[in-house]
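We did not get these values from a lab; they are worked out from the coordinates using the rules stated. Since this is a predicted model, take the numbers as computed values, not measurements. No Cβ is skipped: glycine too gets one built from the backbone with ideal geometry, and neighbour counts run over all protein chains shown.
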Amino acid sequence: MTRIGVIGTESSHVDQFLRLLNVERRHGDAHVVALTGGDTERNRALAAVAGSDVPGFVDTPGDLVGAVDAVLICSRDGRGHRAEAVPLIEAGLPVFVDKPLAGSADDAAAIVGAARTHGVPLYEGSALRFVPAIAELAGDRPTAVHVTGPADPAGPHGGLYFYGVHLAEAAFQLIGDDAAGPVDVRAGEGVVTALTTIGDVHVTLTFVAGRVPFHATVVRAGGVVSRELALPHDYTAPVLDRFLAVAGKGEPPSEADAAAMVAPVALIDAVTARLG
């Protein structure tokens, strides 16, 4: 997977991917060769970040077919991810979809289903799953998990899905199961709280429409542990590592992987449905 194309270049994650791939060459010959969106000011700035290994500009996602070996979809609004991802998957290109996988569980299932149908590698994931604090919170199965973080139902990039899926993915990572139960939601001024279960674990997600840190509390029979889920300097590196490993194997998502990809989006679906 040496030639990589990027769809949606407005995210700061693209700056990191270019640094990791084109500047620091952490994955050998794998590097970004094309940015979609054409010759824009943003793309020219990204090309400057890439240093001597400068990617070219193409107009549309379809222009990547035949020009790249794999694609990073980094557009912020998950509601467009199905339309971006499925044609590329159908063309046989391994695809990484930055959070959220989609703006609805139906769209998420369609993306995953296309990958399984066409035998194409697919990876998605919130970088929050792999921050050091998540490993520090690991241990025996919890009885309850509480995750707090910034997410605004009125946000311009798909509301709660844009940042709220971070909270859902962190909860699933801490618990390990891949399906949530019924959801009860309370909304106040600048805050939404959702109560559900994942497996037999009680889960509370608190979405705050403001600049607050991501934070998790894990309750076990032996005590309570809390950590700020601080993002390290190279917080996108673990998801990039995993995508390139998946792409290198050339295998589509397993049934279990497919369920795990859709579950966080389905949980945000349930929360937003309760908000009306």
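Side notes on the structure shown:
- Considering only V212, V32, V14, the mean-square fluctuation computed in a Gaussian network model of the chain, springs between alpha carbons under 10 angstrom, is largest for V212.
- The slack between A256 and R274, meaning 0.36 nm per residue of separation minus the straight C-alpha distance, is 3.7 nm.
- Spacing of the modelled spin labels on E228 and E136, each 7 Å from Cα toward Cβ, amounts to 1.0 nm.
- Projected label points at V65 and A83, each 7 Å from Cα along the beta carbon direction, are separated by 1.7 nanometres.
- Computed over the chain with a Gaussian network model linking Cα atoms closer than 10 Å, the most mobile of V265, V208, V49 is V49.
- Per the Debye calculation on the chain with a single equal scatterer at every Cα and no solvent contribution, log₁₀ I(q)/I(0) for q = 0.08, 0.10, 0.17 Å⁻¹ amounts to -0.32, -0.50, -1.35.
- Calculated from backbone phi, Karplus (6.51, -1.76, 1.60) coupling profile of segment 229-246 in Hz, x at Gly/Pro: 8, 6, 7, x, 4, 9, 5, 7, 4, x, 6, 5, 4, 5, 4, 5, 5, 5
- Candidates G38, G149, G223: whichever shows maximal mean-square fluctuation once the chain is modelled as a Gaussian network with Cα springs under 10 Å: G223
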